[in-house]
Amino acid sequence: MSIDPDKITDEEITAFLDGELPPEEAARLEALAAQDPRVAERIEFLARASLAFGEAFAPLLDAAPHDRLAAALAATPSPAPARNGWLTRRSLVGAMAASLLAGIVADRALVRLSVPAAQEEDEASEWRKAVAGYMSLYTRETLSGPTPSPQSQRADFAFIEQRLGLSLSPEAVALPSAEYRRAQILSYDGQPLVQIAYLDPETGPMALCITAHPEGGRQPMESERRRGMNVVYWSSADHAFMLIGHAGPERMKDLATGLAERLSA
Amino acid sequence: MAAFAQVPSPVYAGDAGRAAQRPAVRVSVRPTEASIASEAEIRQGLSRHLSRLWRYGLVLSRQRDVADDLVQQTCLRALERAGQFQPGTRLDHWLLAILHSIWLNELRSRKVRLGQGVLDSGDVLSVDGASQAETRVLASQVLEQVDALPEAQRSAVFLAYVEGLSYREVADVLDIPIGTVMSRLAAARARIATRLSEVEAR
């Protein structure tokens, strides 16, 4: 509700009450309040919401399970060297850009050679680690609810195609027995990461995750275990895929094989 | 405890933070070691702010187990991104921003589970001593008011009025324009004031 004659808004009054208004404007508002009771009234009204917020929320700090959180922090491993070391993907790109600026033609192969093999591997598996990290937080309840209609799935897929340059269809992503739940776009390292979530009645949450694969290159299907889940991953020319879930390795592999075939069709 | 929430930690004083953010002509090249926050520093900062992060997680999610997860994910993410933290800026705000983005991007969907209010656990606010009875009632009313706000307003109110962040800092943590911070706070104030007036009128 703004006060018409002088166009004083609630935002201005709030900023005034919070001490965020520049001195001249604060003075102007005070002068107005002295002249116009409506302004004064509105200030008084909004000031009622100036409560003892800090005190009220202080007990929640004591309620925090500090010891448990501290133990979890202590147990959090240091990230792989590629992440905080001297040659992350970002710094690598930076270094390449810098070389180009300096008029030096950076040979891609040459630069890649200078990355130790172990670090390169970490970089490629990093996103699977991130996905496993948040998938481990999913429960059946996370994915409770109905399966969206094919129409709404198609609408989601159209949006995904725009962002990721990959065309999906309800038929291609459907899994035998596991129920489709939703598709969403997350962000990994500034890149879109598509997550298609399923609920497998037998084993719980499952997801197909896809990200653009800037390095390119097909990679055959491989399996690994992360955070107590089975992961099957592979790459097409432009995208990296992973299927993650609690089902046994054989079944995961079968499901992934079916997906890979339908997605490349 | 309230003071703890409001007073900036001396190590990351606000002025130093602002100075570091100001775009300035680079006169000298800073030594590399000083410009890259070490993982150990981030770890230390995390351990100092665990309870504050958890509290923000609880305010956002209204669920203790989700707050736990949010803090753990924040620890993981912050350590992974240690190299992105700019020394001289506020580490606590950086951590709050990470937690917020994890909530938005990854965990919020869990909220489909029955959302239980911040207030729901009666033990949280029980304070011993009859002399504090009045304070207790007031505090629970304040929590109730904030809890009743829509999420966007709730996070802005919490950061500005509980954590004591400036509008600019709230905008940075939430990754929204400063004008949006103002309108969320104004809407929250109007809503709280209206509800309090209704209670009074009863």
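The values are calculated or read from the model by the stated rules, or taken from the named source; none is laboratory data. Not measured: the values here are computed from a predicted model. Here Cβ is always computed from backbone atoms with ideal geometry, including for glycine, and neighbour counts include all displayed protein chains.
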Of all residues in the range B:169-194 being among the β-branched types (V, I, T), more than 10 Å from the chain's Cα centre (by Cα) and more than 7 Å from every other protein chain (Cβ to nearest Cβ), the one that is farthest from A:R42 (Cα to Cα): B:I176
Tally of residues being among the basic types (K, R), modelled with pLDDT of 95 or more and farther than 27 Å from B:S51 by Cα across the range B:144-202: 1
Members of the range B:44-80 found to be within 7 Å of another protein chain (Cβ to nearest Cβ) and charged (D, E, K, R), listed by number: B:R52, B:R55, B:D68, B:D69, B:E80
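Residues in the range A:29-48: is at least one at the interface with chain B (Cβ under 7 Å from one of its Cβ atoms) and under 18 Å from B:A67 (Cα atoms)?
Within the range A:29-48, the first condition is being at the interface with chain B (Cβ under 7 Å from one of its Cβ atoms), and the residues that meet it are A:45-46, A:48.
Retained after the next criterion (residues that are under 18 Å from B:A67 (Cα atoms)): none.
No, every residue in the range A:29-48 fails to be at the interface with chain B (Cβ under 7 Å from one of its Cβ atoms) and under 18 Å from B:A67 (Cα atoms).
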Subset of the range A:6-53 (residues that are among the aliphatic types (A, V, I, L, M) and over 40 Å from the mean Cα position of the chain (by Cα)): A:A26, A:A27, A:L29, A:A31, A:L32, A:A33, A:A34, A:V39, A:A40, A:I43
Test for B:I98: is it more than 10 Å from chain A (Cβ to nearest Cβ), modelled with pLDDT of 90 or more and part of a helix (DSSP H, G or I): yes
Count of the range A:62-101 residues which are part of a helix (DSSP H, G or I), at the interface with chain B (Cβ under 10 Å from one of its Cβ atoms), modelled with pLDDT of 90 or more and surrounded by fewer than 18 Cβ atoms within 10 Å (Cβ to Cβ): 7
Index of the failed condition, B:R110 passing every other in (1) more than 8 Å from every other protein chain (Cβ to nearest Cβ); (2) at pLDDT below 75; (3) part of a helix (DSSP H, G or I): (1)
Selection within the range B:65-82 - more than 17 Å from the chain's Cα centre (by Cα) and within 15 Å of B:E106 (Cα to Cα): B:D65, B:L76
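Within the range B:134-181, track down each residue that is among the basic types (K, R) and touching a residue at least 40 places away in the same chain (Cβ under 8 Å).
Step one: list which residues in the range B:134-181 are among the basic types (K, R), which gives B:136, B:154, B:168.
Residue satisfying the conditions is B:R154 alone.
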Hits in the range A:169-220 - residues which are within 13 Å of chain B (Cβ to nearest Cβ) and outside any strand (DSSP E or B): A:D189, A:G190
Scope the range A:140-155; condition in a helix (DSSP H, G or I) and either more than 23 Å from A:G258 (Cα to Cα) or away from chain B (no Cβ under 14 Å) (or both); matching residues: A:E141, A:T142, A:P150, A:Q151, A:S152, A:Q153, A:R154, A:A155
Selection count, the range A:226-250, where residues are within 19 Å of the chain's Cα centre (by Cα) and assigned to a loop (DSSP other than H, G, I, E, B): 1
Conditions (1) closer than 29 Å to A:P77 by Cβ; (2) touching an Asp or Glu at 6+ places or on another chain (Cβ under 9 Å); (3) in contact (Cβ under 8 Å) with a residue 24 or more places away in the chain; (4) not in a strand (DSSP E or B): number failed by A:L137: (3)
Unmet criterion (only one of (1) of a type in the set (S, T, N, Q); (2) assigned to a loop (DSSP other than H, G, I, E, B); (3) under 22 Å from A:S125 (Cα atoms)) for A:S223: (2)
Any hit, the range B:149-168, residues being more than 11 Å from the chain's Cα centre (by Cα) and crowded, with 23+ Cβ neighbours inside 10 Å: no
